[in-house]
Amino acid sequence: MRDRELARLAKAVVLAAPVAVVEEAVFRWVLTPARVDTAPRRWRAIEALAAFVGWHVVQGAVWPPVRRVFWRADFLAAAALLGAACTLLRIRNGSIWPGVALHFTVIVAWRTLLGGPGFDDLRRSR
């Protein structure tokens, strides 16, 4: 692995950790009920998932460099799938930590293996 690739991986890991923890804490711990045994709780879980996807739209509105990615339908569909998987993990396990691990892994893979933009890339696009 080249130094440049290693540096990109290190940045992805360092930046993905807080994003995964904070987003999972908000959208899966605070907003998603641990159990969905009643209709109102199921609706709360669905609303939390919609809020997670909507959060990425808001990020594009307030931070223009990410708009070109975060407002794309394929990115929002991928965010919805990730959010649904993390929601199911929260409901099945009662914990946000499996979702944090999945979210972290997806961000790192997206940034490194799939070539998704990182903060440096987005700063250059202004």
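The values are calculated or read from the model by the stated rules, or taken from the named source; none is laboratory data. Please read all numbers here as calculations on a predicted model, not as lab measurements. Virtual Cβ from ideal backbone geometry, glycine too; neighbours counted across all protein chains shown.
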Candidate set: the range 69-91, residues that are out of contact with any helix residue (DSSP H, G or I) (no Cβ under 8 Å at 6 or more places or on another chain) and not hydrophobic (A, V, I, L, M, F, W, C); chosen: the one surrounded by the most Cβ atoms within 10 Å (Cβ to Cβ) = R72
Residues being touching a residue at least 60 places away in the same chain (Cβ under 8 Å), closer than 25 Å to L49 by Cα and not aromatic (F, W, Y) - total across the range 1-36 = 13
Just name the residue that is farthest from R42 (Cα to Cα) out of those in the range 93-104 that are modelled with pLDDT of 95 or more and assigned to a helix (DSSP H, G or I).
-> F104
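Can you confirm whether V21 is touching a Phe, Trp or Tyr at 6+ places or on another chain (Cβ under 9 Å), at pLDDT 95 or above and among the β-branched types (V, I, T)? Working first, answer last.
Values: touching a Phe, Trp or Tyr at 6+ places or on another chain (Cβ under 9 Å): yes; at pLDDT 95 or above: yes; among the β-branched types (V, I, T): yes.
In short, yes.
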Selection within the range 52-68 - more than 20 Å from R28 (Cα to Cα), surrounded by 14 or more Cβ atoms within 10 Å (Cβ to Cβ) and without any contact (Cβ under 8 Å) to a residue 24 or more places away in the chain = G60, R67
Selection within the range 71-92 - touching a residue at least 12 places away in the same chain (Cβ under 8 Å), more than 16 Å from A20 (Cα to Cα) and assigned to a helix (DSSP H, G or I) | F75, L76, I91
Taking R42, is it assigned to a helix (DSSP H, G or I), basic (K, R) and surrounded by fewer than 15 Cβ atoms within 10 Å (Cβ to Cβ)?
-> yes
